[in-house]
1. Looking at the stretch 35-76, which of its residues are within 14 Å of the ligand (Cβ to nearest atom) and within 17 Å of R95 (Cβ to Cβ)?
2. Which numbered condition trips up V110, out of (1) within 16 Å of the ligand (Cβ to nearest atom); (2) surrounded by fewer than 18 Cβ atoms within 10 Å (Cβ to Cβ)?
3. Anything in the stretch 62-75 that is buried (at least 17 other Cβ atoms within 10 Å of the Cβ) and either assigned to a loop (DSSP other than H, G, I, E, B) or of a type in the set (S, T, Y) (or both)? List them, or say none.
4. Name the pairs: first residue in the stretch 186-203 and within 12 Å of A66 (Cα to Cα), second residue surrounded by fewer than 20 Cβ atoms within 10 Å (Cβ to Cβ), Cβ to Cβ under 6 Å, at least 6 apart or on different chains?
5. Any idea which residue in the stretch 127-182 is modelled with the highest pLDDT, counting only those that are polar (S, T, N, Q) and within 16 Å of the ligand (Cβ to nearest atom)?
6. Which one of the conditions (1) of a type in the set (S, T, N, Q); (2) closer than 20 Å to D36 by Cβ; (3) buried (at least 16 other Cβ atoms within 10 Å of the Cβ) does T131 fail to meet, given that it meets all the rest?
7. Between residues in the stretch 90-104 that are in contact (Cβ under 8 Å) with a residue 40 or more places away in the chain and among the hydroxyl-bearing types (S, T, Y) and residues that are part of a strand (DSSP E or B) and open to solvent by less than 20 Å² (accessible area, probe 1.4 Å), which pairs lie under 8 Å by C-beta distance while being six or more apart or on different chains?
8. Could you identify the single residue in E159, E155 that is more than 19 Å from V41 (Cα to Cα) and in contact (Cβ under 8 Å) with a residue 24 or more places away in the chain?
Amino acid sequence: MVIAAGHYRRVTRLPAILAILGALLAATSAAASADDADVLVQAGHQGRPASCAPLHVKACNLGTGASGERERDWTPIVADEAARVLRAHGYTVIRRPADYAEQDTARAAVFLHFDGAVTCASGASVGFPDTTSRAFVDAWEKRYLAFFPYRFVGENFTENEHRYYGFRKVDAPEKLLIEFGEMTCPAQFAWMQPRLRQLGDTVATFLMERLPR
Ligand SMILES: [Zn+2]
């Protein structure tokens, strides 16, 4: 009986200790993986589909594409250029792909996409949570629509834009999902394809204006 009781205690205590250790380790690694910067720039769909299974992403949206070009190859070009310009001006940047484990903090976060639709039914648009300021949204629309010569189809025009999963992964007062235009519309595609870096420059200029140092 004594041996049995002792054995019983040992096997019940060990998992309890492991659970505490596990919780401590989880808290430590969560703190270590959180990042803090002026700006978070996410390239929409970048890294998919490979990143979906390890990060338990069920809705593994691979993005749109047209004429042999994929949205998920375009968004990193724009995001890298925006990050490069911001860093060159002394801003700290967290550059994220579609899926990642970290929870970040930033002054502003932008999520970059191109749209796909029934040919030429779409155009540029933006999505944002209710916490993003009107001034931030207006400043982007004013700047981008002076550059982009096609349709602006609206704000939060789909639930996916309004409730984008990336918004929950960063603590930032200003969050904006940017759809630069419709890849599946040949005219918009032809205009955007040679201007991917310019789109990144436009995002960087906008952010620097909104986030004075
Ligand atoms: Zn997209």
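1. Q42, A43, G44, H45, Q46, G47, R48, R72, D73, W74, T75, P76
2. Single failed check for V110: (2).
3. The answer is G63, T64, T75.
4. Q188/Y150; F189/A66
5. Ranking the qualifying residues of the stretch 127-182, first place goes to N156.
6. T131 satisfies all of (1) of a type in the set (S, T, N, Q); (2) closer than 20 Å to D36 by Cβ; (3) buried (at least 16 other Cβ atoms within 10 Å of the Cβ) except (3).
7. Cβ pairs passing all conditions: Y91/A37; Y91/V39; T92/A37; T92/V39.
8. The unique qualifying residue is E155.
The values are calculated or read from the model by the stated rules, or taken from the named source; none is laboratory data. Predicted model only: the values in this text are computed from it and were never measured. Here the Cβ is made from the backbone with ideal geometry for all residues, glycine too, and neighbour counts use every protein chain on show. The protein model used for the area step is the full one, side chains on, heavy atoms only, and it has no ligands, DNA or RNA in it. Shrake-Rupley method; radii C 1.70, N 1.55, O 1.52, S 1.80 Å.
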